[in-house]
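The values are calculated or read from the model by the stated rules, or taken from the named source; none is laboratory data. Source: prediction; values computed, not measured. Here Cβ is always computed from backbone atoms with ideal geometry, including for glycine, and neighbour counts include all displayed protein chains. Only protein heavy atoms, including side chains, enter the accessible area calculation; ligands, DNA and RNA are left aside. Shrake-Rupley method; radii C 1.70, N 1.55, O 1.52, S 1.80 Å.
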Amino acid sequence: MTVETKLPYDKDYITQFSSDRNEPEWMQVLRLQALEQVDVLEMPKPDKTKIGKWNFSRFKHAAKGDEITSLTELPAEIQDFLDPDNLPENLFIQRNQSVAYATMSEKLKQRGVIFTDIFTALTEHEDLVKRYYMKDAVSIDEHRLTALHVALMNGGIFVYIPKNVQVEEPLQAIFWQEDPEVALFNHVLVVAEENSSLTYVENYISHNDEEETISNVITEVIAQNGAKISFGGVDNFAAGTTNYMNRRGIAYRDATIDWALGQMNDGHTVFENATHLVGDNSSAESKAVVVGRGKQIENFTTKSVHFGKDTHGHILQHGVMKEKATSIFNAIGKIEHGATRSNAEQESRVLMLSEKARGDANPILLIDEDDVTAGHAASVGRVDPMQLYYLMSRGITQTEAERLVIHGFLAPVVSKLPIASVREQLTKIIERKVY
Amino acid sequence: MNVVIHLKKYKLVLGGIGMAGSTLEIKNLHVQIEGKKILKGVDLTIKGGEFHAVMGPNGTGKSTLASAIMGHPKYEITEGSVHLDGEDVLEMEVDERARAGLFLGMQYPSEISGVTTSDFLRSSINARREEGDEIPLMKFIKEMDSTLDYLEIDKNMAQRYLNEGFSGGEKKRNEILQLLLLKPEIAILDEIDSGLDIDALKVVSKGINKLRDENFGCLIITHYQRLLNYITPDHVHVMMQGRIVKSGGPELAQRLEAEGYEWIKDELGIEDETVGQNA
Ligand SMILES: Nc1ncnc2c1ncn2[C@@H]1O[C@H](COP(=O)(O)OP(=O)(O)OP(=O)(O)O)[C@@H](O)[C@H]1O
Ligand SMILES: [Mg+2]
């Protein structure tokens with residue numbers, strides 16, 4: 001594959017960038033090692049989507065974002081993610097690459113919970129970050145974009161829940177890419193120690209309909225023995241951003257990771273959400289909704305990889321495609337040898353709203369063990385005319401009837417998002433994208 | 001919509017001089033589906049205050065008549081007309097027909113995943129109201145709850161997805177729930193009694209009878225006299241071969257219950273009553 005490889009950023013630039021942020025030396029070394037690999041490694045090859053011509057090299061890298069003193073300074077569409085009558089106690093807002101706003105309850109601070117930007121974490125919690133950053137979940141050399149991410153990482157958050165701590169109130173992060181030309185190489189690192197639990201919800205938002213840039217987001221989620229993580233996300237990068245988004249979870253013994261992800265980007269997107277069920281009796285629910293529109297091309301891979309015995313992976317993807325949007329939905333259940341009594345279930349459903357939209361659902365089960373159960377369901381279809389007829393026979397207009405059917409179709413995932421205001425915001429975004 | 005608003009005003013005036021309710025007038029209706037002729041000239045007029053029963057063996061065109069009136073997308077009208085208070089129903093979209101005052105309780109209601117029964121009901125009610133004049137939430141909940149009680153339906157049903165996983169009887173009760181909340185001028189109920197146990201039959205009949213007044217006309221498609229024991233029809237019609245072949249009063253349904261359809265076929269010289277045959 002030939003791709004425009006010339007990066008506008010070199011060794012000197014990265015060294016300077018890292019030094020400006022007082023990063024520990026190992027981090028700077030890691031960045032430079034990664035940079036060397038960028039030219040050597042191949043681009044990722046998402047199944048059935050050609051990304052050779054996508055923009056992964058035209059972008060700016062650095063921008064400042066001012067702090068805000070009050071949440072009312074935020075644009076309306078971001079305020080919508082927040083319930084004014086019930087503001088989150090634990091809220092983090094990143095503007096471009098700077099922290100614009102950050103609060104965490106005293107209670108959580110006292111219990112040793114960490115909820116801070118990645119650069120602060122690199123200095124204040126260096127050992128913890130070093131232990132997990134690009135280690136157990138994602139590797140630097142998976143392909144060119146993982147290496148590029150490490151070389152140019154310019155934002156992100158570190159969430160850490162100590163052993164036996166149950167965080168009841170959700171932690172909410174908003175990544176606001178205000179500058180239309182600046183790329184976001186965001187790194188989200190979530191670590192839940194033994195028998196801890198948390199709910200984390202993140203939102204990405206940008207406004208660059210015209211200007212071109214990229215997002216390259218890597219999210220590593222580690223659930224130690226017995227930990228429970230509920231992870232919600234709404235991605236809403238504008239049409240000018242080409243996205244590589246990789247969210248990967250590692251679940252150790254008796255751990256659970258539940259994902260509810262709303263994929264609302266308007267630009268080309270390669271999306272990957274995998275959970276490695278490493279420990280016995282670990283489980284993952286991976287739910288994703290997608291709305292594609294315009295000439296968008298997207299590739300979604302949701303995956304559960306079963307290593308431990310008695311592991312459960314359940315994948316549910318629902319996509320709505322309109323106009324000329326094209327999407328591939330790969331659902332992969334992989335059961336490794338030795339993962340006895342494991343169960344891999346998956347369901348992918350695509351609803352097409354126009355003749356020119358394209359959708360493809362690929363159920364993939366890779367099973368290397370006899371004593372397991374697995375199931376898959378996949379469908380690509382259109383709005384059922386009988387359903388519309390039934391609704392319209394009660395006086396509901398065709399537009400409203402379609403709206404109801406589409407909402408109903410997406411409801412199994414939307415309803416699973418852990419924060420009410422985020423759920424409502426996702427509903428609004430869906431509304432805006434579909435009509 | 002302008003037409004309909006105009007129509008309502010018109011009716012008010014008429015109400016003053018002693019006429020009430022709407023009139024649905026079906027004339028010489030011919031319907032085909034996928035090129036197959038099914039209805040071959042149906043004439044039937046239903047006025048406010050009247051209850052009509054349509055009976056007839058399987059496959060004779062009863063559901064086709066109901067579906068064609070409501071505007072089911074698969075049915076093609078090749079001849080004839082349907083008018084509601086003089087307005088051409090066949091020119092209207094399905095939703096316009098409903099807002100003009102028609103209602104069809106379906107033999108096989110659709111299941112709609114992800115849409116709660118309650119949300120659906122509220123959308124249906126609001127569809128008949130002007131924008132900005134939506135039913136207040138509390139008022140809606142009160143009306144829905146009292147109707148659920150009246151029909152002895154478990155309140156949880158309102159929060160379940162529309163018809164999804166409903167038993168046959170629950171689906172039928174849900175159709176009547178909609179009927180009572182939407183209060184149409186003319187309702188067509190297609191086998192609303194099939195699959196109902198005796199208690200459900202009583203409840204469903206109670207619901208239908210509640211609407212019985214001079215402003216409400218109803219066409220009941222049924223196979224069984226037992227429903228008509230609870231809801232006495234003013235007129236009974238028998239369909240065969242895609243037409244109404246005989247009409248009478250409630251005694252006609254009783255005779256059908258006792259003797260079946262053979263005597264009608266003999267009387268009219270019909271050998272095969274299904275729609276594939278030509279009369
Ligand atoms: N969607 C369809 N596609 C093909 N044929 C159809 C369709 N709908 C109805 N028909 C045919 O039209 C004829 C009349 O059907 P209809 O449903 O109107 O009968 P019915 O009188 O309501 O019967 P029942 O008492 O069994 O409900 C039947 O032969 C039926 O098979
Ligand atoms: Mg029928």
**Item:** Hits in the range A:412-426 - residues which are under 14 Å from B:Val115 (Cβ atoms) and either buried (at least 19 other Cβ atoms within 10 Å of the Cβ) or more than 12 Å from every other protein chain (Cβ to nearest Cβ) (or both)
**Value:** A:Val414
**The lone exception for B:Glu175 - which of (1) touching a residue at least 12 places away in the same chain (Cβ under 8 Å); (2) surrounded by 14 or more Cβ atoms within 10 Å (Cβ to Cβ); (3) farther than 29 Å from B:Phe140 by Cβ it fails** = (3)
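Take the residues of the range B:27-52 that are within 12 Å of ligand 1 (Cβ to nearest atom) and open to solvent by less than 10 Å² (accessible area, probe 1.4 Å): which is nearest to the other protein chains (Cβ to nearest Cβ)? So that I can check it myself, show each step before the final result.
Filtering the range B:27-52 for residues within 12 Å of ligand 1 (Cβ to nearest atom) gives B:31-40, B:42.
Keeping just the survivors that are open to solvent by less than 10 Å² (accessible area, probe 1.4 Å) gives B:31, B:39, B:42.
Working: B:Val31: 16, B:Leu39: 18, B:Val42: 20 Å.
Here the answer is B:Val31.
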**Complete:** Looking across the range A:62-77 at residues that are part of a helix (DSSP H, G or I) and either modelled with pLDDT under 85 or charged (D, E, K, R) (or both), the single one that is nearest to A:Asn186 (Cα to Cα) is A:Glu77
**Message:** Tell me the residue from B:Gly249, B:Gly242, B:Gly269 that is open to solvent by less than 20 Å² (accessible area, probe 1.4 Å) and closer than 19 Å to B:Lys40 by Cα, please.
**Reply:** B:Gly242
**Prompt:** within 15 Å of ligand 1 (Cβ to nearest atom) and part of a strand (DSSP E or B) - does that describe any residue in the range B:172-188?
**Reply:** yes
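Those residues that are within 16 Å of ligand 2 (Cβ to nearest atom) and over 18 Å from B:Leu256 (Cβ atoms), I need them from the range B:217-242; list them, please. Walk me through how you get there before you give the answer.
As a first pass, look at the range B:217-242 and keep what is within 16 Å of ligand 2 (Cβ to nearest atom): B:219-224, B:227, B:237-242.
Within the range B:217-242, B:Gly242 is the sole residue that qualifies.
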**Exclusive hit being touching a strand residue (DSSP E or B) at 6+ places or on another chain (Cβ under 6 Å), among the hydrophobic types (A, V, I, L, M, F, W, C), farther than 21 Å from A:Ser98 by Cβ and in contact (Cβ under 8 Å) with a residue 40 or more places away in the chain, set A:Val165, A:Val182, A:Val138** = A:Val138
**Request:** Hey, can you tell me all the residues within the range B:232-279 that are away from ligand 1 (no atom under 12 Å from the Cβ), more than 19 Å from the chain's Cα centre (by Cα) and hydrophobic (A, V, I, L, M, F, W, C)?
**Result:** B:Val245, B:Leu252, B:Leu256, B:Ala258, B:Trp263, B:Ile264, B:Leu268, B:Ile270, B:Ala279
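Conditions tested, residue by residue: (1) under 14 Å from the mean Cα position of the chain (by Cα); (2) open to solvent by less than 10 Å² (accessible area, probe 1.4 Å).
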position: A:Tyr252; (1), (2): no, no
position: A:Gln263; (1), (2): yes, yes
position: A:Asn281; (1), (2): no, no
position: A:Ala284; (1), (2): no, yes
**Prompt:** What number of residues within the range B:1-36 satisfy the criterion of being at pLDDT below 95, farther than 21 Å from B:Glu96 by Cβ and out of contact with any helix residue (DSSP H, G or I) (no Cβ under 9 Å at 6 or more places or on another chain)?
**Reply:** 9
**Request:** Scan the strands (runs of 3 or more DSSP E) fully inside the range A:103-208 and keep the ones with 2 or more residues being buried (at least 22 other Cβ atoms within 10 Å of the Cβ).
**Result:** A:155-161, A:171-177, A:186-192, A:197-206
**Message:** Can you confirm whether B:Glu214 is away from ligand 2 (no atom under 16 Å from the Cβ), in a helix (DSSP H, G or I), under 28 Å from B:Glu175 (Cα atoms) and touching a residue at least 24 places away in the same chain (Cβ under 8 Å)?
**Reply:** no
**Pairs, first within 14 Å of chain A (Cβ to nearest Cβ) in the range B:190-202, second within 11 Å of ligand 2 (Cβ to nearest atom), C-beta under 7 Å, six or more apart** = B:Asp190/B:Ser63; B:Asp190/B:Ala66; B:Asp190/B:Met106; B:Asp190/B:Gln107; B:Asp190/B:Ile221
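Quick one: would you say B:Gly168 is within 16 Å of ligand 1 (Cβ to nearest atom) and more than 14 Å from every other protein chain (Cβ to nearest Cβ)? Show your work before the answer.
Numbers: within 16 Å of ligand 1 (Cβ to nearest atom): yes; more than 14 Å from every other protein chain (Cβ to nearest Cβ): yes.
Yes, satisfied.
Going by what's in this entry, would A:Asp280 be described as assigned to a loop (DSSP other than H, G, I, E, B), in contact with a Lys or Arg (Cβ under 6 Å, 6 or more places away or on another chain) and either within 27 Å of B:Gly114 (Cβ to Cβ) or not polar (S, T, N, Q) (or both)? Reasoning before the result, please.
Details: assigned to a loop (DSSP other than H, G, I, E, B): yes; in contact with a Lys or Arg (Cβ under 6 Å, 6 or more places away or on another chain): yes; either within 27 Å of B:Gly114 (Cβ to Cβ) or not polar (S, T, N, Q) (or both): yes.
For A:Asp280, the condition - assigned to a loop (DSSP other than H, G, I, E, B), in contact with a Lys or Arg (Cβ under 6 Å, 6 or more places away or on another chain) and either within 27 Å of B:Gly114 (Cβ to Cβ) or not polar (S, T, N, Q) (or both) - is met.
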**Asked** Name the pairs whose Cβ atoms lie under 6 Å apart, with the first residue in the range B:107-131 and facing chain A (nearest Cβ under 9 Å), the second assigned to a loop (DSSP other than H, G, I, E, B) and small (Gly, Ala, Ser), and 6 or more positions between them or separate chains?
**Response** B:Ser124/A:Gly395; B:Ala127/A:Gly395; B:Arg128/A:Gly395
**Request:** Output the residue which, of all residues in the range B:53-69 that are under 13 Å from B:Leu219 (Cα atoms) and open to solvent by less than 10 Å² (accessible area, probe 1.4 Å), is nearest to ligand 2 (Cβ to nearest atom).
**Result:** B:Ala66
**Prompt:** List, please: which pairs have Cβ atoms under 8 Å, are six or more places apart or on different chains, and start with a residue in the range B:249-274 that is within 14 Å of another protein chain (Cβ to nearest Cβ) and within 26 Å of B:Glu50 (Cβ to Cβ) and end with one that is β-branched (Val, Ile, Thr) and away from ligand 2 (no atom under 16 Å from the Cβ)?
**Reply:** none
**Request:** Within the range B:146-171, track down each residue that is assigned to a loop (DSSP other than H, G, I, E, B) and farther than 21 Å from B:Phe216 by Cα.
**Result:** B:Glu152, B:Ile153, B:Asp154, B:Arg160, B:Asn163, B:Glu164, B:Gly165, B:Phe166, B:Ser167
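Hey, any hits in the range B:72-90 for a residue that's among the hydroxyl-bearing types (Ser, Thr, Tyr), away from every other protein chain (no Cβ under 14 Å), crowded, with 17+ Cβ neighbours inside 10 Å and within 14 Å of ligand 1 (Cβ to nearest atom)?
Let us first name the residues in the range B:72-90 that are among the hydroxyl-bearing types (Ser, Thr, Tyr), namely B:75, B:78, B:81.
Of the ones still in play, those that are also away from every other protein chain (no Cβ under 14 Å) are B:78, B:81.
Next, from what is left, pick out any that are crowded, with 17+ Cβ neighbours inside 10 Å: none.
No, the range B:72-90 contains no residue that is among the hydroxyl-bearing types (Ser, Thr, Tyr), away from every other protein chain (no Cβ under 14 Å), crowded, with 17+ Cβ neighbours inside 10 Å and within 14 Å of ligand 1 (Cβ to nearest atom).
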